[in-house]
Amino acid sequence: MSHARLLQERAFHDSQADARAKALLPADYLVDDDAYLDHESWIAPAIAALGNVDGLRVLDLGCGHGMASVVLARRGARVTACDLSLGYVREAGMRARANGVTFDRVVCDGEALPFCDGAFDRVWANAVLHHLDIDRAGRELNRILAPGGIAVFCEPWAGNRVLNWARSTLPYPGKHRTVDETPLQPRDLTVLRRHFAEVSVSGHQLVAMLGRVVRMATLKRMLTRCDDWILDVAPSWQHYCRYVVVVARKK
Ligand SMILES: C[S@@+](CC[C@H](N)C(=O)[O-])C[C@H]1O[C@@H](n2cnc3c(N)ncnc32)[C@H](O)[C@@H]1O
């Protein structure tokens with residue numbers, strides 16, 4: 001990442017973390033595992049793709065608020081939470097303490113990781129890769145995985161033109177973007193396939209993407225069930241989904 005881009009990303013996320021730190025109440029630091037797994041429909045299948053993490057060394061790349069780190073630590077993983085933003089690493093630390101779990105915390109750039117080769121069995125990254133230079137990050141993440149290691153990335157996907165138009169034009173809740181982030185594209189998967197031995201991709205939220213604007217939990221669940229049916233009958237429609245879960249195996 002160019003130095004200017006790195007500083008811009010860090011400033012954006014530090015200021016976001018700073019605003020959160022001022023607004024969060026002690027109870028907001030508590031993590032309910034089921035609520036976390038349910039907050040977006042790709043989270044539960046993506047966490048399941050990590051397999052049994054008990055005793056494994058797991059890197060939560062771009063940990064942000066640290067909720068996934070807490071959930072993974074509770075499952076017995078030896079978690080390292082890292083992020084470019086010191087503010088977010090602080091929040092992850094406070095969340096660990098509030099939930100009675102421990103994990104290492106590191107401020108670093110995902111494109112130049114301060115870990116030795118083979119340091120982790122699993123990498124978890126939710127909504128992070130699309131902030132990074134995919135080529136540099138892919139090389140680093142394959143390097144720090146141990147033999148047999150798996151990385152799971154959940155990323156916004158650029159396959160749906162109508163959605164891309166909505167993303168760039170419409171105002172909707174929770175729309176906070178850095179200037180450099182771009183949803184993952186097919187060419188990014190080609191780059192990942194150069195670095196990892198095997199890369200599999202699944203699409204999530206076709207009609208369920210409406211859950212972004214309709215906030216009723218029951219309606220969201222119905223839309224997700226519709227997606228399960230549609231994507232089962234017509235798997236190629238995954239290309240038009242809002243998010244992808246990418247499972248990459250160490251080369
Ligand atoms: C959209 S947030 C996702 C946070 C969290 N993973 C989640 O599930 O909510 C993106 C995160 O990636 C971090 N990030 C951005 N660029 C990064 C980089 N080059 N290296 C490490 N983390 C980075 C940001 O600071 C931010 O916390």
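The values are calculated or read from the model by the stated rules, or taken from the named source; none is laboratory data. None of these values were measured; they are calculated from a predicted model. Glycine also receives a Cβ, built like all others from the backbone with ideal geometry; neighbour counts cover every protein chain displayed.
Could you say which residue among 7, 37 is more than 9 Å from the ligand (Cβ to nearest atom), more than 21 Å from residue 217 (Cα to Cα), hydrophobic (A, V, I, L, M, F, W, C) and assigned to a helix (DSSP H, G or I)?
Being more than 9 Å from the ligand (Cβ to nearest atom), more than 21 Å from residue 217 (Cα to Cα), hydrophobic (A, V, I, L, M, F, W, C) and assigned to a helix (DSSP H, G or I) holds for just one of 7, 37, which is 7.
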Return yes when residue 102 is assigned to a strand (DSSP E or B) and more than 12 Å from the ligand (Cβ to nearest atom) and no when it is not. no
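Checking the structure you have, find out if any residue of segment 135-146 is within 12 Å of the ligand (Cβ to nearest atom) and either over 24 Å from residue 50 (Cβ atoms) or assigned to a loop (DSSP other than H, G, I, E, B) (or both).
No.
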For the structure I just gave you, tell me whether residue 177 is out of contact with any Gly (no Cβ under 6 Å at 6 or more places or on another chain), of a type in the set (Lys, Arg) and not in a loop (DSSP other than H, G, I, E, B). no
Condition check: surrounded by 17 or more Cβ atoms within 10 Å (Cβ to Cβ), modelled with pLDDT of 95 or more and not in a helix (DSSP H, G or I). Does residue 31 satisfy that? yes
Going through segment 40-55 one residue at a time, which ones are within 12 Å of the ligand (Cβ to nearest atom), in a helix (DSSP H, G or I) and more than 24 Å from residue 118 (Cβ to Cβ)? 43
Taking segment 110-131 only, how many residues are touching a strand residue (DSSP E or B) at 6+ places or on another chain (Cβ under 9 Å), within 13 Å of the ligand (Cβ to nearest atom) and in contact (Cβ under 8 Å) with a residue 24 or more places away in the chain? 11
Could you please let me know if residue 58 is in a helix (DSSP H, G or I), aliphatic (A, V, I, L, M) and more than 8 Å from the ligand (Cβ to nearest atom)? no
Checking the structure you have, find out if any residue of segment 20-33 is out of contact with any Gly (no Cβ under 9 Å at 6 or more places or on another chain), hydrophobic (A, V, I, L, M, F, W, C) and within 15 Å of the ligand (Cβ to nearest atom). yes
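Quick test for you: out of 203, 149, pick the one residue that is buried (at least 20 other Cβ atoms within 10 Å of the Cβ), in a strand (DSSP E or B) and within 17 Å of the chain's Cα centre (by Cα).
Unique residue meeting the criteria: 203.
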